[in-house]
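Read through the structure below, which is laid out as structure tokens, and then see the notes.
The values are calculated or read from the model by the stated rules, or taken from the named source; none is laboratory data. As the structure is a computational prediction, the values presented were derived from the model and not from experiment. Quick reminder, even Gly has a Cβ in these numbers, built from the backbone with ideal geometry, and neighbours come from all protein chains shown.
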Amino acid sequence: MSSFYRRRQILLGRVALGVLCVVWSAGCSQAERRHEEQQSSIPYLTSDSRHPIPLSVSAEKEHRAVMLQHLETVQVIVNALIEEDYELARGLTELHLGFFMHRLAKASQPSENFPPAYHDLALAQHTAAEELARIIPTRDMKQILPRFNNVLKACVACHLEFTVREQSSRMEAS
């Protein structure tokens, strides 16, 4: 493999990882209003408008662990693509982000607390992951990156729409 092609692959992987980090942090962070510090008229979020999903303390911890596992998996997939380990990238995508993980999550979490829209967004993420896993063996980054982007779009859409809150803290806020 030429050194130019290798450097190009590494650069593409780093760009993808950088975009992932920015998008994920934007989707997971809560905006804070700073009245006194505002120096310009740039619009910003004034409140968290995501729909809360009330969970018990243990279910919330389990859900957060799954979300962290997704983030860690995405990082390992990006690294596998950088290292051109397409088999590892495909396997992790199928096992940790695809329908297998969707079935496992549905079996272990109380579905009555999750609204149908949440399940729809989760299913969209798993579907996008399955499409990514199918294309990874081509080793063609021009086909892989758009599908990887679809996985990230699905993740961000869900994080922008929903937040998980402990039932007890929601009750106290009422």
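What is the residue count in region 144-174 for residues that are surrounded by 14 or more Cβ atoms within 10 Å (Cβ to Cβ), modelled with pLDDT of 95 or more and over 14 Å from the mean Cα position of the chain (by Cα)?
2
From (1) at pLDDT 85 or above; (2) assigned to a helix (DSSP H, G or I), pick out the condition that doesn't hold for residue 84.
(2)
Any residue in region 145-162 that is among the polar types (S, T, N, Q) sitting within a Cβ distance under 7 Å of a residue that is in a helix (DSSP H, G or I) and surrounded by 18 or more Cβ atoms within 10 Å (Cβ to Cβ)? List the pairs, counting only those 6 or more apart or interchain.
What qualifies is 150/128.
In region 115-124, is there at least one residue being at pLDDT 90 or above and either assigned to a helix (DSSP H, G or I) or closer than 22 Å to residue 99 by Cβ (or both)? Walk me through it before giving the result.
Step one: filter region 115-124 for residues at pLDDT 90 or above, giving 124.
Subset that is either assigned to a helix (DSSP H, G or I) or closer than 22 Å to residue 99 by Cβ (or both): 124.
Yes, that holds for at least one residue.
Determine which member of the set 139, 103 is surrounded by fewer than 17 Cβ atoms within 10 Å (Cβ to Cβ) and modelled with pLDDT of 95 or more. Steps first, answer last, please.
Details: 103 fails: modelled with pLDDT of 95 or more.
From the options 139, 103, the qualifying one is 139.
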